[in-house]
Each structure stands twice: as C-alpha cells, then as structure tokens.
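The values are calculated or read from the model by the stated rules, or taken from the named source; none is laboratory data. Please read all numbers here as calculations on a predicted model, not as lab measurements. These accessible areas exclude ligands, DNA and RNA; they are computed on the full protein's heavy atoms, side chains included. Shrake-Rupley method; radii C 1.70, N 1.55, O 1.52, S 1.80 Å.
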Amino acid sequence: GLGRWVEVGNSGVFRPELLLPMGLPESVSVIAWGLSLERPTMIKYGINNIRELLGHRVDLQMVYDSPACRLQP
C-alpha cells in the first residue's frame, strides 16, 4: 500500500573496533539481527526522524496518545 519497499527484518556483523571497548578480541565475530519495526511505525505515525521515536528526544505524550499496541479489549 505504500508504493515502495520498506526494510523489515535486518541483520549484520559488528565491526571489530566496536567490540574492542567491550573487551572482546578482534578474532571474535558478532552477528546481530532484529525485526526493525521502527520503519513501519515511523510510516504509520508520520515520523520522519528515527530520533523522535528512539532515544532521549522521544515525545512521551505521543507514545501515550498513540500506542502501537493496545492491551484493552
């Protein structure tokens, strides 16, 4: 319905220099993956900057007013 591709479910390998501060040697490989539900949520609620959805700039009132999941019947 969007008329374009949206990435959902991404994965990757951490670069060695990101692991060094955690005390892991360069010989260790670390993979990561996730559902990446941020992008569809941003499209649904018209959010253009991911920093408005995640991090210290989140508008908590928007989260309370527009929950992604409603638990009440």
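Numbers at a glance
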| read-out | value |
| --- | --- |
| Subset of segment 10-32 (residues that are open to solvent by 60 Å² or more (accessible area, probe 1.4 Å) and part of a strand (DSSP E or B)) | Ser11, Val13, Ile31 |
| Selection within segment 33-55 - in a helix (DSSP H, G or I) and open to solvent by less than 100 Å² (accessible area, probe 1.4 Å) | Glu38, Arg39, Pro40, Thr41, Met42, Ile43, Tyr45, Ile50, Glu52 |
